[in-house]
Structures are given as structure tokens and as C-alpha cells.
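Okay, so here's the structure we're looking at.
The values are calculated or read from the model by the stated rules, or taken from the named source; none is laboratory data. Remember, predicted model here, so these are calculated numbers, not experimental data. Cβ sites come from the backbone with ideal geometry, for glycine too, and all protein chains shown count toward neighbours. Side chains are part of the model used for accessible areas, which takes the heavy atoms of the whole protein and leaves out ligands, DNA and RNA. Shrake-Rupley method; radii C 1.70, N 1.55, O 1.52, S 1.80 Å.
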Amino acid sequence: MPTPRFTFHQPQNLEQALDLVGMYRTNGKILAGGTDLVPKLRAGLMDVHHVVSLNRVPGLNRITFHEDDGLVIGAGARLADVALNPEVMKHYPGLAHACSVMATTQIRNMGTVAGNIVNSAPSADTAAPLLAYKAAVILVERGGRRHVPLTEFFSGPGLNVMEPMEIMEAIRVPSPPRRSGSAYLRLSARSKVDIAAVGVAGFLALDMDGVIIEARLALAAVAPTPLRCPEAEAMLAGQKPDPQLLTRAAAACVRACRPIDDVRATAAYRRKMVQVLAGRVIEQCYQTAERGDA
Amino acid sequence: MNHPSIIGASIPRLDGRAKVTGRAIYTDDIKAPGMLFGALLRSPIPHGRIKRIDVSKARALAGVKDVIVGADTPQIKYGNWRLVPASQDELPLAVDKVRFVGDEVAAVAAVSSDIAQRALELIEVEYEELPAIYSVEEATAEGAPLIHEESQGNVSLVRKIEYGDLEEWFAKADLILEDEFKVHAVSHAYLEPCSSLAVPDEGGRVTLYTSTQTPYIVQCLLAHTLGIPENYVRVMKTQVGGGFGGKMELRPWEFSASFMALRTGLPVKFTLNRAEELSYGRRRHPMSIYSKVGFSKDGKLLAKDFQVMLDGGAYNAMGPTATFLCGTFGNMLYNFPAYRYYGRHVYTNKPPASAMRGFGAPQAAFANETQLNLAAEKLGIDPIEIRLINAMQTGDVIPDVATVSSCGFKECLEKVREISGWDAKRQAKTPNKGLGVGCFSFISGGVFNWFDTKYNFSAAEVKVFDDGTAQLASMACDIGQGTDTVLRQILAAELGISIEKIRLIAMDTAATPKADLGSWGSRVTLMNGNAVIQAARKIKDMLVPVLFSQFDLNQIHDVAFEGDEVFVKANPKKRMSFAECVYKALRGRRGEPLSAYGYYTPRDKGLVSPAFSFGAQVAEVSVDEDTGLVTVDQMYTAHDCGVAINKMAVEGQLEGAIQMGLGYTLSEQFVMREGHTLNNTFLDYKMPTAEDMPPSVYAEVETYEPEGPFGAKEAGEGLAIPTAPAIAHGVFEATGFRCRKLPITPERLLRGMGKLR
Ligand SMILES: Cc1cc2nc3c(=O)[nH]c(=O)nc-3n(C[C@H](O)[C@H](O)[C@H](O)COP(=O)(O)OP(=O)(O)OC[C@H]3O[C@@H](n4cnc5c(N)ncnc54)[C@H](O)[C@@H]3O)c2cc1C
């Protein structure tokens, strides 16, 4: 592969960054941690003449949490920082878990949640938990800002609704209600350091009697995009879980997915694993929800 | 046995610091003035005839200095088995046919690697596609297309071993088992991709810096294919980032770099990338194994009929040796009266398989050990017990092969039973957990001279100087296994000087004594160690008289070399420093330097190896019965490598072996479609990482090997053998599913357990 050659820009603030992104919208790329971008450049997969780094833009790496507003993850926040953030660990354990088990130590120290979402791989590990937490992304461009719910963000493998001049500024996640629980489980063949072959995230909110008020389930690596499972969610709402309901809801998750055979796993195995992991995730969510009033 | 304290010490690698700080120089780090960058054009189809090649556009590209195709070269076939010229089936660049996706067709040298890459795209090749074959079953079927026209039905080599009356012993057996096993290909996955830099020398000579584990073999075969005298080629091994059997042949880029360097008068470098390595590189042999065994009801193994087809890929490479050794490993661990081995090496249209750590043994052991566990279960005998019943012992004879001169196998079995808590844990039987056992034996270098060298198998030259230092020159090559350190330990022990005082020259085929066959077959410590000792003893013979004349002694006294001093054993006051002793010897020799050669070639040691290592391993595994994921919780190993010269190095070998065994058993495999390798990145080729390593406990069972230097045997490849059968057995104990096919992926396991259709 010929060595890629490009101009490297390091804007000092968001304004400059937006200018550069606007100027090079046809042949430029944004760089956060670079853990997706750089391998692609090296493999000669893209024709890029300008790389715009966000790493000198101040404030982008903030992670803030307020009871009322919820969580804001700045686009520069590293996976490792999100994984170890006490607030994230407490209120969004599924996300913290995703950020702590995905990739490798080195990649987690460089890679960002925003990069993971913008890259839009079907297997993106933070996507399923963020979908389950009903996250939205904040996109900015010169003279504008919009909120896009994550459910409307992904449009295909590696594809999303972002415009070329837009920068993802942050990810917003609503505050979880009391008596709720959440979890993320992922599975791959080389247990520890690997891209997920299947990922399942869940969120359950309960009333005082332990009846499910709201259920959200999301899957990764089993369809062209990460996705939610409305049928299973509807099945759970208004119910107290029992083993049969769990099995039926997990089966509904299987119906939601459209897995393929690839070098990582066969479709049959992925379907089976959605069944297994969805069952475990719902159970885990329910148990933490029942325990916690916090 | 008393030996100098440096023997058995845990001395950190002398090259370790340079490697972990990034200062070690590997071939790709070397830049020669005016150097050109090479690139290889490879066949995009698995099997076909080359109709036409047009390189004119590539040649016309600015910056391109040379383009070569097969027709430009001397077209001399090569292969490691010089003893059997018919087995030499490879050409550096294809001439008439291509036989696998990746077969080298043309090479380019240009002023930058980008230009070289672009030039490749300008080469036009027209192929006539031929039907391709991807399995040994297809290849040996009636009327299968021939990959090499001169082969017998795509079988390139047959090896038979037979002793004892098979029929008779099977008739006596109370239990007969017949099983089929299938094992797959895996990558050596050495960290350093192959790299070679050829520098033209005066008079049509060439110096080749190359990432190899066999500098001598490369020297000979390269000279042969270039059509120049052997000693016109000088091979310099630089630091090598692992080999595992994947770097022990002449390779097309070594030829192309040298050939183009001679043509252009400029240095030429080729460096492969990981995708090339995984797509086209050497691999471990897949095998289709049939095994029939007969046992008496008290667990005695009576007879074994072992039939193996090795999937060799497109060329022989080291396949003939693997075919021989697979048969040998079918009977090396246990002593039984009747054995028949029928091994066939079969061509297919896939990247050639070759030597890989264990060299036919991991495959044979997976079948043999699994079948032994099956027998144990059927006979109601504990799996370790059945091994003790049949275990090889010191003095046992492997018919027509060897006499086992030291063997701690039984002690290893007892030891691993103890350290793993085998009996108690099997009693307790925790759900979804299991304990499995696997054993191994391995050669400490080979006896069979397939390379047909006229020189000794190993050689060393030792020089000593009047500053008390020494210099060791040897062609033996350290590819990361630590022999540079171990050989210096052996010399330090023999001369009684500190290890820091020894300079090592070990890589240069022009400056080190002929020969050394290379780092494979776990041969270096024993063979080169013996050569070092012989040379050192000759030096000592030159020094002892100095002491005698200094103290006016008669010759019956024993002299000791220890602590950088030389003294009379019975009267240690009569001593002088090693430096002074050399100085006086030099004066006596009127300035002629003190130097001596030592050699080693195994003699009267049967057909296979001068010495055999043994060991037993227990794997403790957990299985998630819903996902099929296997976790290895703990490994226990007991190991007889004779006297361990460097304990830390042995432990390093064990850790690496467990890592490789883990991948071989559970996660690594090539996903191939129509001859193309689909998973050619570490993202999709699932090699275990440091994070996946199970904790491991290790016990050494020390024996003394009379043929080994200071009693040492091999500690490199043997350890790579037991892990797959041990884990597979653990999985069986946890799930009830006996896997006869590797790897045990979560999916295969779930299907085996009937949980996935
Ligand atoms: C060895 C290895 C292992 C990995 N393992 C995993 C894994 O287990 N799970 C997983 O999900 N991923 C994995 N990845 C992929 C990758 O590390 C993650 O997706 C990571 O989160 C990407 O973040 P980044 O900051 O490095 O993205 P970058 O590479 O910097 O960017 C990714 C893409 O997003 C764009 N982009 C980044 N930030 C912005 C922004 N603020 N606004 C607009 N566009 C932006 C870039 O232009 C680029 O197209 C792995 C990668 C490697 C190399």
C-alpha cells in the first residue's frame, strides 16, 4: 500500500475546527483518537488529503453529570476515562463496562466514545449501551447545532446521518430514574481482546411493586447497524419478569436481529447468542433495579 | 550431579534490554546507501498456467530499477531436502505454473516502496485457470488434477514405520478403538514479519541480512539457485523476532533481493507485511488422522495403527520432515509392542505448510492423547494411571529409532498429579469445570541428515585472550529463544570465567565455523552446546601446562577452572588468574593466538535424535454451557528437560508454548474460501493476547542426559505439544463432548453439546 500523504491540522478551538472541516469537506477527515481512522488510512481505504485533529480543542474531553440533565460526554473523552468515571460507573454501568472491556488498554487510552459512534461499525461496543440509555448526539456546524437521537443516527455499516461539515461535539445521556438497572454483555471468540461478535445492552425501570415501567434493549454486531428491539421492549413493559417471559423477550430480540455469517461467527451462532445474552442482560438489569433505590 | 553454579541459573537474556527498549536492530531497521525497495507480485488464483507476462510498463515507470520474472532467473529448483533431489519442488519465481494464491510470479526493485507497489500494478499476467484442490481427500481421490505433474496422485512423500505383529497384538486386545481426528492450520505469527536486505559485494558476491532461523541453509540454497559458489554468499542473521519453524527455508524474497542486487549493483530490501504473512506465509500442517489402538483390559497399550495425511499445500517445504516426525511422535511417549505408521504428504492448492513448533507432534499428540483418554474412560482407569502403565522409561528402546538415555516421564506424571490436585478435584467434580491431561516427548535435535551437509551439524570456535576474556563464534542462531545467552553460559561454565567476559559472534556465515543447521528441532542447546564444550576443553588443554610449569607439578593433578582463575584442585593455593594463564600460554606459543574449534554431530544415536525430553501437563478449564466459551483457569506442567541450563529461559519457553497451545486449541484458524485466506489481520486471526494467558504452575523434574551439555535436553518445542489434548480433555470432563477436531470454537462446542443446530 502506498504511504498515505496528507496535511495535518491542529485547530486550537471549535471555531477553527469547524472552518477547516467546512473547507475540506470533500477530502478531509476528523481525527480524535485515530484508532479507527489511522488503520484505515494506512490500508489505503480512503482518499484523504487533510486530517483535522480535535485533540487541541479545549474542553472537548469533559465528562459531566447532573441529576437533572444527565450525562454529557465530550467528543474528546477517552474510552478509558469514561470507563473509570465514578458517575458513569454508578449510573451507567453498561456503558462503563463497554468502555472497559472493548479493544485493548492502549486503544482505550486513545480512542473516544464519539469516534466509536461516528465510525458507526455494526459492532461498535458503546453503541448498544448508549441506545439502551436513550442517548442523543450533539452535532455542530458553522452556524448551527442539532440533537439527533441515537436511534436515528445510524444508517448502515459505517454510515450515519452526519453531514461532512459537521463535528460531533458531545453525547448526551438522560439521567436514569430510581429503581432502574442496566447492563451490557458482549461476546467474542478470543475472549478478552477482540471485536464483539455479539453485544446486548439493556435498561429496565421498575415501579415500587417491581413491575417493569420501561424496558429498552439494544443489540450490536448482529445487523447492519446497532439497533433497538421494540417488540421485546413492549413485551416486558407492564410485567414482572418470570423465566418464561425472559425466554420470550430474548426470542423477540433474536427476531429483531439480522446477523450474517462472517469470519468471526456464523449467523446461527449469533442468533443463539442474542438469545443467551439477552436473557442474561434482562435478568441482570432486573436484579440491580430491584436492589437499588438510588 | 555437581555442576558450576552458572548452570541452572536464571540469567536474563543478554539481548533483552536492547529488545524491550527498541534498540535492537532487526533486518528492516538496516538501511544501506542507495538501497532499493523490493515488492513481490503474487498469483491471484489458486492454480493455473502462466500464458503471458508483460513487465514493460512496470519497467518504464520512473524510479523502477529492475523487474524480474521466472524466465529471467536461472530456474533452479530448491528445497530443504537436498538428500532427495526429487523433493526439491520450488522455484523462487513461478515459471510455468502457479499453485496457490500468493505464489510469487515477479519481483520489482524501485527507489521507494510506493513506486515498487505501483509497478506491481503495471505488470500484466495472463493465466489459464486450472481446477484447484483444497483438501487431502480431494487431492488423493481418483482422477484428481495433478498440482505437480511428477507426483503420484498428488502424494509427494510416503513414510512407513512398522514393527511388531500388528494383527497378532490386535487379536490379543480386549479393547479396540478406531477414531478419526482432524487438525487445522495455524500461523507461526512471529512478531517480526520476514525481511531481507541483499548487498552486492565485489567479485559477484553478495551479503544477505535476513530474518532467518537457518543462515547456513539459506546460504547454501541461495548460492545454488543463483548458480554461484556457496561461499560467494554471506548470510548475516540480524536480530530475529521469532521463527517457530516459519523461517527455516530459502524464501523467494531472499532470492529476489540477492538476484536483483547482483543485477543492479545496488542493495535491495524486501519486507513483508502482516497481511502477506497471514495470507501467503507458511503454516502448521493440517492433518487427517486415522488411529486404531488395542489395549489389554488392565490398560496396556498393545498395538497402534496410525495413518496420517498431511495437507502440505502447494510445495513440500519442510513437509517431508513433518511426515517422518509425525510417525515418530506416534510412538515416542509410550512403550508398546506393535506399531504401524503410514504417513502421506499431500499437495493442495493452498499456501505451503511447513515446520512449526512441534513439527508434526502437536497434531499426532492431539490424536494419540485424546484416544488414550477414550481408552481410559472405556476401561475405567484414571487417565494419569493409564499413562503411568504405558510410560516410556530410561533405557527403553524405540525399535529402529533410538534408545531413551534419560527419561523422567513417570516422575512428571506423578508430579503433575500432585501439583494440580488431580485426585481431589476429579472426585469433587464441579459442574462445567474439568481437568484434562496431555503429555509430550520431543527430540533434542535431529539425527537424519536430510540437508545432506558434509560439515558437522554444529560447530564452535573459542578464542581466549590475555585480558581474561573469550570470544565464541558460532553459526547457531538465536531467534528469540535465548541460545545466545545459554551458549555463553555453557562456555562460562566450562572455562570458569564470568559470562560478561564472553563476546559472541553469532550470525555471520563468513566469520563463524561451518556449520550449524539452524534453530529448529530443538537442537541448539544440545548440539551447539556440545560443540562449545569441545572447543573449550581444547583451550583448557592448552592452558593446563602453564599451571604445571608455573608450580612445577607432575601431570597427575586435576586442574580447576573457576571464578576467573585456574588452580590445582588438591591444592587451591597453587592458582593464577585466567588472564595470567592465557598470557603465559601466549608467551609459550610465541604469540600464536589461543583458539580452538569444537564440533558436534550425533553418532550411534539411532535415526531420530540423540536425546528426548518428556513432560505432562494438566489444564483446568471452565465452560460456559450456554455460550460455549472455554476459559482455561490454570495450567500445571511438569517437565523433564534434563538439566535446565537457564531456568528463566525454560519458563519463557513454557509461557510462549501455552500461548500458542491456547490459540491452536481454541481460537486460531484460517478462514479460507477458494484458496484465499479471508482473515489476514490480527483482528480476525484470533491469536490469544497477554490478557488471555491463564496462570501457570511449573515443576521441573531434573534428569541427567549423558549426551547433553551439562546434562541438558531440549526445552523448546516439546512444551508446545500437550496443551491442545489437555484442554480438549478438560472440555470433555466439563461438558461430556469429546472434540476430535480442532479448534474447539464456542460454536463447534455448542453444536457438539447439541445446543446449536
Ligand atoms: C486493536 C483495535 C481494537 C479495537 N477494538 C474495538 C472493540 O473491541 N470495540 C469497538 O467498538 N471498537 C474497537 N476498535 C475500534 C476503535 O478503537 C473504536 O471505534 C474507537 O472508539 C474509535 O475512537 P477514536 O477516537 O480512535 O476514533 P477516530 O479513529 O479518531 O475516528 C473514527 C471516525 O470518527 C470520525 N470522528 C471522530 N471524532 C469525531 C467527531 N468528534 N466529530 C465527527 N467525526 C469524528 C473520524 O473522522 C473517523 O471517521 C478497535 C480498534 C483497534 C485498532
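The single condition among (1) near the ligand (Cβ under 9 Å from one of its atoms); (2) β-branched (Val, Ile, Thr); (3) open to solvent by less than 10 Å² (accessible area, probe 1.4 Å) that A:Ile73 does not satisfy is (1). Of the residues making up segment B:451-475, those that are farther than 19 Å from B:Asn231 by Cα, open to solvent by 10 Å² or more (accessible area, probe 1.4 Å) and in a loop (DSSP other than H, G, I, E, B) are B:Phe465, B:Asp466, B:Asp467, B:Thr469. Tell me, please, whether a residue that is of a type outside the set (A, V, I, L, M), open to solvent by 10 Å² or more (accessible area, probe 1.4 Å), more than 13 Å from the ligand (Cβ to nearest atom) and not assigned by TED's automatic domain parsing to the domain that holds A:Leu79 can be found in segment A:201-209. Yes, that holds for at least one residue.
In this structure, does A:Gly59 turn out to be surrounded by fewer than 18 Cβ atoms within 10 Å (Cβ to Cβ) and within 14 Å of the ligand (Cβ to nearest atom)? Lay out the reasoning, then the answer.
Numbers: surrounded by fewer than 18 Cβ atoms within 10 Å (Cβ to Cβ): yes; within 14 Å of the ligand (Cβ to nearest atom): yes.
Yes: the conditions hold for A:Gly59.
From the list B:Val650, B:Val632, exactly one residue is touching a His at 6+ places or on another chain (Cβ under 8 Å) and in the same structural domain as B:Val397 (by TED's automatic domain parsing). Which is it? Reasoning before the result, please.
Numbers: B:Val632 fails: touching a His at 6+ places or on another chain (Cβ under 8 Å).
Going through B:Val650, B:Val632 in turn, just one is touching a His at 6+ places or on another chain (Cβ under 8 Å) and in the same structural domain as B:Val397 (by TED's automatic domain parsing): B:Val650.
Give the residues of segment B:721-757 that are more than 14 Å from every other protein chain (Cβ to nearest Cβ) and open to solvent by 10 Å² or more (accessible area, probe 1.4 Å), sorted by residue number. Residues satisfying the conditions are B:Phe732, B:Glu733, B:Ala734, B:Thr735, B:Gly736, B:Phe737, B:Arg738, B:Arg740, B:Lys741. Applying the set (1) open to solvent by less than 40 Å² (accessible area, probe 1.4 Å); (2) at negative phi to B:Gly63 leaves exactly one unmet item: (2). Here is a list of conditions, (1) open to solvent by less than 10 Å² (accessible area, probe 1.4 Å); (2) small (Gly, Ala, Ser); (3) free of Cβ contacts under 8 Å to residues at least 12 places away in the same chain, and B:Ala364 meets all of them except one; can you say which number that is? Condition (3) is where B:Ala364 drops out. For segment A:169-192, a tally of residues being within 12 Å of the ligand (Cβ to nearest atom) and away from every other protein chain (no Cβ under 14 Å) returns 4. Highlighted here are the strands (runs of 3 or more DSSP E) found entirely within segment B:231-319 that include at least 1 residues which are closer than 30 Å to B:Leu379 by Cβ and open to solvent by 20 Å² or more (accessible area, probe 1.4 Å): B:287-295, B:301-313. Filtered by the rule that a residue be more than 6 Å from the ligand (Cβ to nearest atom), farther than 21 Å from A:Pro259 by Cβ, buried (at least 24 other Cβ atoms within 10 Å of the Cβ) and of a type in the set (A, V, I, L, M), segment A:94-116 gives A:Leu95, A:Val113. Restricting attention to segment B:698-707, and to residues there that are open to solvent by less than 60 Å² (accessible area, probe 1.4 Å) and either of a type in the set (Phe, Trp, Tyr) or not in a loop (DSSP other than H, G, I, E, B) (or both), which single residue is nearest to B:Ala644 (Cα to Cα)? Selected residue: B:Glu700. Residues that are in contact with a strand residue (DSSP E or B) (Cβ under 7 Å, 6 or more places away or on another chain) and among the charged types (D, E, K, R) within segment A:142-191 comprise A:Arg145, A:Arg146, A:Glu163, A:Glu166, A:Glu169, A:Arg172, A:Arg179, A:Arg186, listed in sequence order. So B:Arg344 passes all but one of these: (1) buried (at least 23 other Cβ atoms within 10 Å of the Cβ); (2) charged (D, E, K, R); (3) over 25 Å from the mean Cα position of the chain (by Cα). Which condition number does it fail? With respect to (1) buried (at least 23 other Cβ atoms within 10 Å of the Cβ); (2) charged (D, E, K, R); (3) over 25 Å from the mean Cα position of the chain (by Cα), B:Arg344 is out only on (3).
Pick out, from segment A:34-91, the strands (runs of 3 or more DSSP E) lying fully within it that include 2 or more residues that are in contact with a His (Cβ under 7 Å, 6 or more places away or on another chain). Full working, then the answer.
Values: elements: A:50-53, A:63-66, A:70-74.
The qualifying strands (runs of 3 or more DSSP E) are A:50-53.
Within segment A:121-134, the residues that satisfy the criterion of being near the ligand (Cβ under 8 Å from one of its atoms) and either within 16 Å of B:Leu683 (Cα to Cα) or among the polar types (S, T, N, Q) (or both) are A:Ala121, A:Ser123, A:Ala124, A:Asp125, A:Thr126.
To keep it simple, each residue is scored yes or no on (1) assigned to a helix (DSSP H, G or I); (2) in contact (Cβ under 8 Å) with a residue 24 or more places away in the chain; (3) loosely packed, with under 15 Cβ neighbours inside 10 Å.
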residue	(1), (2), (3)
B:Val108	no, yes, no
B:Gln117	yes, yes, no
B:Leu120	yes, yes, no
B:Val125	no, yes, no
B:Ala144	no, no, no
B:Glu150	no, yes, yes
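Counting only residues that are in a helix (DSSP H, G or I), more than 10 Å from every other protein chain (Cβ to nearest Cβ) and either at positive phi or more than 18 Å from the chain's Cα centre (by Cα) (or both), segment B:662-689 holds 1 of them.
Within segment A:91-113, the residues that satisfy the criterion of being touching a residue at least 24 places away in the same chain (Cβ under 8 Å) and within 21 Å of A:Pro176 (Cβ to Cβ) are A:His91, A:Tyr92, A:Pro93, A:Gly94, A:Leu95, A:His97, A:Ala98, A:Cys99, A:Val101, A:Val113. If you go through segment A:154-168 one residue at a time, do you hit one that is open to solvent by less than 10 Å² (accessible area, probe 1.4 Å), more than 10 Å from the ligand (Cβ to nearest atom) and under 21 Å from A:Val82 (Cα atoms)? No: zero hits. Condition check for B:Ser43 on (1) closer than 28 Å to B:Ala317 by Cα; (2) within 23 Å of the chain's Cα centre (by Cα); (3) not aliphatic (A, V, I, L, M): one failure, at (2). At pLDDT below 95 and open to solvent by 20 Å² or more (accessible area, probe 1.4 Å): does that describe B:Asp633? When the stated conditions are applied, B:Asp633 does not pass them.
Within segment B:92-99, does at least one residue satisfy the condition of being outside any strand (DSSP E or B) and surrounded by fewer than 21 Cβ atoms within 10 Å (Cβ to Cβ)? If you could, list the steps in order and put the result at the bottom.
In the first step, residues of segment B:92-99 are kept if they are outside any strand (DSSP E or B); the result is B:92-96, B:99.
Then keep just the ones that are surrounded by fewer than 21 Cβ atoms within 10 Å (Cβ to Cβ); that gives B:95-96.
Among the residues of segment B:92-99, at least one is outside any strand (DSSP E or B) and surrounded by fewer than 21 Cβ atoms within 10 Å (Cβ to Cβ), which makes the answer yes.
Look at B:Gln659 and say whether it is touching an Asp or Glu at 6+ places or on another chain (Cβ under 9 Å), open to solvent by 30 Å² or more (accessible area, probe 1.4 Å), within 13 Å of chain A (Cβ to nearest Cβ) and at pLDDT 95 or above. Spell out the reasoning first.
Numbers: touching an Asp or Glu at 6+ places or on another chain (Cβ under 9 Å): yes; open to solvent by 30 Å² or more (accessible area, probe 1.4 Å): yes; within 13 Å of chain A (Cβ to nearest Cβ): yes; at pLDDT 95 or above: yes.
In short, yes.
Figure legend. Inter-residue proximity from segment B:607-628: first residues in the same structural domain as B:Leu435 (by TED's automatic domain parsing), second residues of a type in the set (Phe, Trp, Tyr) and at pLDDT 95 or above, beta-carbon distance below 6 Å, spacing 6+ or different chains. Indicated pairs: B:Ser613/B:Phe442; B:Phe614/B:Phe409; B:Gly615/B:Phe440; B:Val618/B:Tyr636.
Filtering A:Ala220, A:Ala256 for residues that are within 16 Å of the ligand (Cβ to nearest atom), at pLDDT 95 or above and away from chain B (no Cβ under 14 Å) leaves a single hit, A:Ala220.
Look at segment A:77-93 and say how many of its residues are of a type outside the set (A, V, I, L, M) and open to solvent by less than 40 Å² (accessible area, probe 1.4 Å).
3
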